[in-house]
Each structure stands twice: as structure tokens, then as C-alpha cells.
Amino acid sequence: MRAPLPLPALHATHAGIWIAAVGEVREASRGEAISRLADTPHIILNAPLVGQRLGYADVSGLDLLELFAFVHPARFAVPTVAGLARATGILPPAGESEAAAKLVEIAEALLAVLADTDWPEREGAWTANATLQRLGWSWAPFIGQRIAQPERAERMLFSRLPQWEDQAERPQPKTISIPAADAGQKLAELTGSQAESREGQRAMAAEATAIFAPRRAAGDPNMLLAEAGTGIGKTLAYLAPASLWADRAGGTVWVSTFTKALQRQLDAEGVRLFPDADERKRRIVIRKGRENYLCLLNLEDAMQGAFSGRAAVLAQLVGRWAAYTKDGDMVGGDLPGWLPSLFRRAGATALTDQRGECVYAGCPHYRKCFIERAERAGREADLVIANHALVMVNAARGRPDAPSRIIFDEGHHLFDAADSTFSSALTGREAIELRRWIVGPEGKSRGRRRGLSARLLDVASYDEQGAQALDAAVEAARTMPSEGWLARLAEGGPFGPVEALLHEVRGTVYARAKAQEAGYGLETELAEPDGNLVSAASAAMEALESLAKPLAALNRRLEALLEDAPDWLDSQARARVEGAISGLAWRRETLASWIALLGRIGGAGDPDFVDWLAIDRVEGREYDVGLHRHWLDPTRPLARAVLEQAHGVLVTSATLRGPEGWPSAEARTGALHLPGPAGHFEAESPFDYGRQAEVLIVTDIGRNDISALAGAYARLIEVAEGGTLGLFTAIQRLRAVHARIADRLARAGLPLLAQHVDPIDTGTLVDIFRDDPHASLLGTDALRDGVDVPGDSLRLVVMERVPWPRPTVLHAARRLAGGGSAYDDRVVRARLAQAFGRLIRRQGDRGLFVILSSALPSRLLTAFPPEVPVSRVTFDVALERVRAKLFAAEGASQPIMAESER
């Protein structure tokens, strides 16, 4: 039996610091901990987080999370001591002091796996560790002592990956309808005994069949708007008829979500539809944008020396993951969200196709590409689980896999998703990306940044007209912003007409911005431009047109090559040309939108659009400057580009209508712009909100009193014994509150997590919160309706103030068009409803929703279910209500201590 690891361990939290060494555990001071870490390698968990707790950024040691990622790539574990203990079959620690000793025990358990003959992730481990040892990875010597060199050389990573195969184009789906009775029977198969108790679910499944009927006319889809309250079981309600139609018609149904959490939930529901894993993998496919997937060519470059230092270690660990991943999804897939965060900004994004620089068939890994595999699998799948943005982009660009039957879940986000998809922004960052895509690497650029000319080198060498257009495009692109553009703008020395325009934009914004906005992003209307701005816009527009012309000529030449293919155009060159045409279409659309935006400056405005100038800043530091254009009503292009092209569309959400009713839902989803009427369906939540939940509006917390606000959060969390989701409307207030109360709560055994504070991605923070019923989580908008935490882990939601919309230029325009203060009220009610929706997720849940602001008008209380008791109370009364609601015996009467209002 191998001797215990001769290594000390260090565990640091807001509650204190503990060191385990030589069989004993003791507390240590911050100074001692920093000194010991510098002298001796310690086993730690999450080095960036430990460094933050110690106030020392460059903490290094033997990070257990890195070891776990090596031993079990593509497996998830909650990145806490308790989470890793459970993942390794060890009893979780009883307290913080015991956690330090558990770190050593977990390390021993993970290293013991290396000798297990049944270790499923063995292949490639010895080779990867040999490389990691040369890179100086702390765990490599310990792994090397325990893993035997294989008798035969291990296969290279890229030879182990499966290849996708070409298939004939799928026939058009059959024209059929799905009887409501069949959908009900399928639902009963999926739910089993639950079917008898969910009348709303059965009714929704029957109504949803309408979207699969043959459509009446081109441009007039069968559209159903369905508000299904939380707990209805809407996922299976629409999957039942969708799976039937896909099977019988031989078509594909796209299920679109807004959050990654729902994508994971939908993927998990696939087990009910297709219990066999192989069949499930074939018939249900998750699709995301290209920037979410690992690029194998980028990974190869990184593993062969393009990355150095800590980034090189990350590349090797990602290489281990690549061999075992389900689909290569680095963002929300089976790559643990905490892994890239361990390396700060050390290269995770450089491993994906962030800039659209794919060389398609010119890549040696093209046949194994995760992106290409997902696209091809999606064409043959019954169900494609995607996000709103990808569905809209595919439909708007007329791609061959554009969906004809679409289910938009989380449909209350459809307006915002369309707003983002169909907007335009001519900014420095966007312009420099266009330059890089065309010109390629310049100066000291690292990594694989091939330009358009490199991607089409062999094609251009055979085609003189194409080569001339390509050369002209590259020459025109060199006038676009380049590295150092921000500094040149600040110093008054812009290069080229586009940088000159951005210089004028920057000056205009600073001249017109309000002084109190200092430190935040700044913006101003694109109105009454001065002569310098108009002149700069005219020159920039000429430069953009000079770039658009050769790109259009190149596009025409490439299309001509495909139509009348010469002998030298083999299958690989054809695929590369097709990829270039796709990329050119995207860039030409972008250029056209920029030219249209600049054409507006100095002329008459377009009432369909809202234009403004902006400087984007983080904590006072500029990172982008530019011009922006959004549709006043983005559901108009949504209806034209997406809905009218589809045959059937279902839009569903628990808060789709809101208090304003169906007219509001039709306006926010694009149904208003379709020629035919949309169907409506409504099913109320089965939860007993009057018994399970309560809303408290606290009347005596000062609006700008951070100390009182922090004290209120601390006392509420203490009374609730954790399980609290704290929602903030400003990051600064969140950070200020967290700084005041985190240590106090931790000493009471109540961990406090915080978005924008902890060096952990948001998804992982939610995972930790869900895993520990005594933990609490502070966050902003992303947590307001992107969190699904049923059970005791979430029993109290606290908002620090009314979530009024920020008074941006875009909001002001929509407010004016949407009825003034009534528009603001609709926005706030939707946000309150979404936040309240985090509280009760299943039967048996109970909890309270507390707003620490007396400024909540009574007219907004319709955001909450009508049966929920709402009271305005003092803070002390609120504490008593929380204690009584959460810990009184079931069925005990609740104290009535303040006026109830509705």
C-alpha cells in the first residue's frame, strides 16, 4: 500500500485559513499562509479563489481541480471540498477545519485511480503527463510515479477522434398533422404516473399539435403563444407532439432556449424520449454558435508551442478533455466551467473559433471537426436544441439547415434576442476584427490568425479575376483600425478614415455626456452632429464602400467557380470556397449595415431605427468606441426573417403575457406582424402560491445607505440559514455589500458567493449554490431568470431595489414609442415576475421574496401571482416573517403583523 502523500494542504475561506500537515490541522494567519505557499507546494482547491481570499494574486500550488480535470476529463464535479469529496467517494467534511485534511484525502483518491485497470480515461494520460512535466506542471511528478508507461506508443489525440461522414441531403419532411389524442398518448408514455395530475400539461400538448399542421400560405406560419405557469411541465408538453412529428414526417424540430441551464435540462429530458444512449445521440443534437466549440487546429497549434506558461498547461488539459468530450462544446458543455477560470485569461477563448477564421476543408482536422459534426448531425436529428441567437442567424442568412418548425422556450426573451441579433455596431473592436479576418496576422500577433488571402491562396493562384479582387480587398482593409487604435484616439492621432471617425465620435460623446456618468459607459444620441463628425462619417463611408466592392466582386467570382467548376477545383477546394462564400456573406451584410448607419449622419433620420454614439468602459477604462443602430421594434425583422420562413412556431414561457395580456405577448414575439392570427394557450401554475410563498416590501432601509443595506442582507441570510439569492441592480452595490458581510457569514457557517467578485464563472457559482443549502449567492441580471434551483437550496430571494430600466438612448426611444411610464412599468413587472419565478420551482418548495425598498409602487404588484400575500413591513417584522415562514411547523398559522395590500 502506497504511503500517504507527503504534502501539506491549505484551505482558505472567508471564515479563516487552515493548514493540514503531519497529521494535524491548525489555523494560520494570512501572512503565514502566503509565506508557506511561497516556500512549499501545498495542496489547494481553486488557486485564483485561494489567492483572492489571501489578498495575494499569484498563488500557486497543487490545485485539486487541475488534477481532477486530468484524471476525469469531461466529468463534472462541484468545485468545492464537499463536491470533490462526493465525486471521489469520500465522506464530505463536517466543517471548515476538517476540509483542509480532506484535500489530502481527495488527492490520494484521485491519484489512486491511476493504478485502476478499469480507469476509462487512461488512454493518452501517460503522453499528456510527460508533456506536462516538461512544462513544469506541479502534479506531473506525482502522476508520473503512479502511471506506468504503456508498452506501445499511445495514439495521438487527433487520430483518436471519430470522423463524421457525408450523407445524402435529407428529403423534405412529409406533410402531416399530429392528432391531439396521439400527443396525449405520447405524453403519457413520457410522464408515466404524473400524467393524471397535470391537466395543464395534457392540454398544452394537445394545443401544441397545431403548429405541426400544414401551413395555410407562404409567409403565414401556424403560430401558438403559450403561457405555461411554472410547474406545468411545459417541456414534455411540447416534446411529446414534436417528437411524434419528427418521427412521422422525417423532419427536424428546433427547440430554442435563452439560457444554457435550460439547454442542459432539455438534453437531460432526452432520456425519456430515447432511453438508448446511441439512439439518443443520433436523434437529439445540441447546436450552438461556432465560438462555443473547440477548434482542433487552434488546439494543435497551442499544444505544439503557440501557448506558453500556464496557457500551455491549459492546452494540455483541454487536449485530455477533447478525447472524451461528447460534442466539443467548451461553453456550457461537458468542459467544466471552472477549468478555464483556473487559468485566468490564459488562452481558453483562443482555442475556439472566435473570429470566424475557419479554413474549412483546408484544415487537416476538418473531418473530425466538432463544429462540422454538430452541423451535420443536426440535419439528421429529430430534435435540435439551440439558442435564440443561432436560430435567428440561421434563418436570417437562409442557411440550408434553417428551421421550419421552431419551439421558442423562454419566449419572454425573444424580443431581447432579436434586438441583439438584428442590431448593428460600427465600433473599433468590430472594425479591427473585420481587418484581421481579411488581412490576417500582423506585427506580433500570436497563434493561427490566417487572413482571407491565405485561406484562398490556391484558388487565387488558378483564378486571375478572383486574385485581383482578393488583392484589392486586402489593400482596402489595411485602412481599417489596427492594433493600438484606442491609444491613437486618446492621443488625437488616428490612422485612416474609420479611426478618424471614431476619434470624432469619442470627442462628441465626451462633450455631451453627463458628468455624473463618469466611470461608466457613456452615450449620446446621434443627433445634431457637428461638421467634423459629418465629414469624418462621409470619408469613412467611402472607405467602407471601397472595401465592399472588391468583396462583392470576389464573392461573385467564387460563386461562378462553383457553378462552372474547373478541373482543378477538387472537393476540398470546393468546400473551402463554400466556406469563404458563407464568411463573405456575413461580412458583406455587416459592411452594408455600417454604410447605412453612416449614411444617416447629417441627413434625415429613419423612424424605424434608434442610432447613438457610445464609449464602452469598465471601471473608467475605455475598451471600445463606436456608433450603434437598433431597430425600434426588433420583432419586425424577427417576423420577416424567421417567423415568416417557418411553417410552425410555438413561443412559450411562464411569463409570456404578463399583466398586459395577449396584445403585449403578440407585440413582444413578432406575432403582431404576421398576416394571420396566432393561437393562444394559457395554463396556470399548479402551485399553491398563497401557501408556499410570500412577498415582503421593507419600508425602513435607506435608499443610499450601504451599511444598512449590507446589514439587512446579513441578517436575512442568517435568519434563513443560507439558501438566499440576492439580486442587485448595480455591480458596485453588490461588491460593497459582499465586502461587508462575507466574513461574518462565513464564520457562521454560511458561505456567500458573488457574481462579479468570485473568480468563478456564473454557471459554476449556481452549481455551488445549488449544492450547498447553507450557501447564498449575490448577482445581477444574469441570475434574475437564469437560475433553476428547486428545493431547500433557494428559499429566500432578496432584491435591493426596484429594477427600473437604465435610462439609455435606446430605452428612451422605446419608452416614448411604448407609452411613457407605462412602458417602464411593463419592463419592471416582467423583471419582478422573472425574479419571483426563481423561488417556487416544484411542489413542496416554500419561501419569501423580499424587496429592500419602500419605493415599489402598488401598481407593479400585479407582477406576482394574485394569491400571493404581499405586505409592506418594517425590517424587524420582515425578519420574523422569514423565520416563521421557513421554520414554523407545516400548517401553523402565519403571524399577521402588517397591512396586506394588493
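Within the bounds of the stretch 22-45, is there any residue that is in contact with a Lys or Arg (Cβ under 7 Å, 6 or more places away or on another chain), of a type in the set (Gly, Ala, Ser) and under 29 Å from Arg146 (Cβ atoms)? No, because not a single residue in the stretch 22-45 is in contact with a Lys or Arg (Cβ under 7 Å, 6 or more places away or on another chain), of a type in the set (Gly, Ala, Ser) and under 29 Å from Arg146 (Cβ atoms). Residue-level analysis places Leu84 outside the set of residues that are farther than 30 Å from Ala208 by Cα, surrounded by 13 or more Cβ atoms within 10 Å (Cβ to Cβ), modelled with pLDDT of 95 or more and over 33 Å from the mean Cα position of the chain (by Cα). Evaluate the stretch 668-683: report whether one residue or more is at pLDDT 95 or above, within 30 Å of Met204 (Cα to Cα) and hydroxyl-bearing (Ser, Thr, Tyr). Scanning the stretch 668-683, I find at least one residue that is at pLDDT 95 or above, within 30 Å of Met204 (Cα to Cα) and hydroxyl-bearing (Ser, Thr, Tyr), so the answer is yes.
Against the list (1) more than 25 Å from Met156 (Cα to Cα); (2) buried (at least 19 other Cβ atoms within 10 Å of the Cβ), the condition Arg344 fails is (2). Just one of the listed residues (Leu533, Leu562, Leu551, Leu544) is in a helix (DSSP H, G or I) and in contact with a Ser or Thr (Cβ under 7 Å, 6 or more places away or on another chain), and it is Leu533. Pairs linking a residue in the stretch 590-610 that is in the same structural domain as Glu528 (by TED's automatic domain parsing) to a residue that is part of a loop (DSSP other than H, G, I, E, B) and not hydrophobic (A, V, I, L, M, F, W, C), with Cβ atoms under 7 Å and 6 or more positions apart or on different chains, are Arg600/Asp606; Ile601/Pro529; Gly602/Pro529.
On the stretch given as the stretch 620-634, residues that are within 19 Å of Leu501 (Cβ to Cβ) and in contact with a Gly (Cβ under 7 Å, 6 or more places away or on another chain) total 3.
Could you check the stretch 176-255 for helices (runs of 4 or more DSSP H) lying wholly inside it with 1 or more residues that are closer than 16 Å to Arg283 by Cβ? Working first, answer last.
Numbers: elements: 180-191, 199-208, 234-249.
Here the list reads 180-191, 234-249.
Filtering Ala312, Ala381 for residues that are farther than 22 Å from Glu121 by Cα and touching a helix residue (DSSP H, G or I) at 6+ places or on another chain (Cβ under 8 Å) leaves a single hit, Ala381. Go through the stretch 356-411 and give me each residue that's among the aromatic types (Phe, Trp, Tyr), surrounded by fewer than 23 Cβ atoms within 10 Å (Cβ to Cβ) and out of contact with any Gly (no Cβ under 8 Å at 6 or more places or on another chain). The one that is among the aromatic types (Phe, Trp, Tyr), surrounded by fewer than 23 Cβ atoms within 10 Å (Cβ to Cβ) and out of contact with any Gly (no Cβ under 8 Å at 6 or more places or on another chain): Tyr366. Might you check whether a residue that is of a type in the set (A, V, I, L, M, F, W, C), touching a helix residue (DSSP H, G or I) at 6+ places or on another chain (Cβ under 8 Å) and at pLDDT 95 or above occurs anywhere in the stretch 755-762? Within the stretch 755-762, none of the residues are of a type in the set (A, V, I, L, M, F, W, C), touching a helix residue (DSSP H, G or I) at 6+ places or on another chain (Cβ under 8 Å) and at pLDDT 95 or above.
Test Ala708 against the criterion of being of a type in the set (A, V, I, L, M), in contact with a helix residue (DSSP H, G or I) (Cβ under 7 Å, 6 or more places away or on another chain) and not in a strand (DSSP E or B), and give yes or no.
Details: of a type in the set (A, V, I, L, M): yes; in contact with a helix residue (DSSP H, G or I) (Cβ under 7 Å, 6 or more places away or on another chain): no; not in a strand (DSSP E or B): yes.
It is false that Ala708 is of a type in the set (A, V, I, L, M), in contact with a helix residue (DSSP H, G or I) (Cβ under 7 Å, 6 or more places away or on another chain) and not in a strand (DSSP E or B).
Restricting attention to the stretch 228-265, the residues that are among the charged types (D, E, K, R), farther than 22 Å from Asn394 by Cβ and modelled with pLDDT under 95 add up to 1.
Could you look through the stretch 150-175, keep only residues that are hydrophobic (A, V, I, L, M, F, W, C) and assigned to a loop (DSSP other than H, G, I, E, B), and pick out the one that is surrounded by the most Cβ atoms within 10 Å (Cβ to Cβ)? If you could, list the steps in order and put the result at the bottom.
The initial filter retains those residues of the stretch 150-175 that are hydrophobic (A, V, I, L, M, F, W, C), namely 153, 156-158, 161, 164, 168.
Now drop any that are not assigned to a loop (DSSP other than H, G, I, E, B), which leaves 153, 156, 161, 164, 168.
Details: Ala153: 9, Met156: 11, Leu161: 19, Trp164: 16, Ala168: 5.
If we take residues in the stretch 150-175 being hydrophobic (A, V, I, L, M, F, W, C) and assigned to a loop (DSSP other than H, G, I, E, B), then Leu161 is surrounded by the most Cβ atoms within 10 Å (Cβ to Cβ).
Which residue out of Gly428, Gly332 is closer than 30 Å to Val59 by Cα and in contact with a helix residue (DSSP H, G or I) (Cβ under 9 Å, 6 or more places away or on another chain)? Steps first, answer last, please.
Numbers: Gly428 fails: closer than 30 Å to Val59 by Cα.
None of the other options fit; the residue is Gly332.
Considering only residues in the stretch 629-644 that are crowded, with 22+ Cβ neighbours inside 10 Å and over 24 Å from Leu816 (Cβ atoms), the one that is nearest to the chain's Cα centre (by Cα) turns out to be Val642.
Entry remark, the stretch 516-533: residues being over 33 Å from the mean Cα position of the chain (by Cα) and exposed (fewer than 15 other Cβ atoms within 10 Å of the Cβ) number 5 in total. Within the stretch 573-623, the set of residues being surrounded by fewer than 17 Cβ atoms within 10 Å (Cβ to Cβ), more than 30 Å from the chain's Cα centre (by Cα) and not in a helix (DSSP H, G or I) comprises Gly602, Gly603, Ala604, Gly605, Asp606, Pro607. Arg715 passes every criterion in (1) at pLDDT below 90; (2) under 26 Å from Lys885 (Cβ atoms); (3) of a type in the set (D, E, K, R) apart from (1).
Residues that are touching a Leu at 6+ places or on another chain (Cβ under 7 Å) and surrounded by fewer than 17 Cβ atoms within 10 Å (Cβ to Cβ) within the stretch 13-33 comprise just one, Arg30. Only one of the listed residues (Leu753, Leu765, Leu696) is assigned to a strand (DSSP E or B) and under 27 Å from the mean Cα position of the chain (by Cα). That residue is Leu753. Would you mind stating whether Arg744 is at pLDDT 90 or above, part of a helix (DSSP H, G or I), in contact with a helix residue (DSSP H, G or I) (Cβ under 9 Å, 6 or more places away or on another chain) and of a type in the set (Lys, Arg)? Spelling it out, Arg744 is indeed at pLDDT 90 or above, part of a helix (DSSP H, G or I), in contact with a helix residue (DSSP H, G or I) (Cβ under 9 Å, 6 or more places away or on another chain) and of a type in the set (Lys, Arg).
Give just the number: which of (1) within 28 Å of Glu123 (Cβ to Cβ); (2) in a helix (DSSP H, G or I) does Pro336 not satisfy? Pro336 satisfies every listed condition except (2).
Across the stretch 114-127, the qualifying residues are those that are out of contact with any Asp or Glu (no Cβ under 9 Å at 6 or more places or on another chain) and not acidic (Asp, Glu), and the one among them that is nearest to Leu67 (Cα to Cα) is Leu114. Taken over the stretch 472-512, residues that are touching a residue at least 12 places away in the same chain (Cβ under 8 Å), over 26 Å from Pro550 (Cβ atoms) and not in a helix (DSSP H, G or I) amount to 0. Looking only at the stretch 300-332, residues that are in a helix (DSSP H, G or I), free of Cβ contacts under 8 Å to residues at least 60 places away in the same chain and either of a type in the set (D, E, K, R) or surrounded by 23 or more Cβ atoms within 10 Å (Cβ to Cβ) (or both) come to 4 in all. Residues in the stretch 38-49 that are at pLDDT 90 or above and more than 15 Å from Ala107 (Cβ to Cβ) were compared, and the one that is surrounded by the fewest Cβ atoms within 10 Å (Cβ to Cβ) is Pro48.
Within the stretch 729-740, residues that are more than 14 Å from His14 (Cβ to Cβ) reach partners that are part of a helix (DSSP H, G or I) with beta carbons closer than 6 Å, at six or more positions or on different chains, in the pairs Ala736/Ile706. Pairing residues of the stretch 653-678 that are assigned to a loop (DSSP other than H, G, I, E, B) with residues that are of a type in the set (Lys, Arg), at Cβ distances under 7 Å and at least 6 apart in sequence or on separate chains, gives Gly658/Arg826; Gly658/Arg829; Pro659/Arg829; Glu660/Arg826; Gly676/Arg216. If the condition is being surrounded by 20 or more Cβ atoms within 10 Å (Cβ to Cβ) and of a type in the set (A, V, I, L, M), then the stretch 267-292 contributes Leu273, Ile284, Val285, Ile286.
The values are calculated or read from the model by the stated rules, or taken from the named source; none is laboratory data. Small disclaimer: the values here were computed from a predicted structure and weren't measured. When we count neighbours, we look across all protein chains shown, and the Cβ atoms used for this are built from the backbone with ideal geometry, even at glycine.
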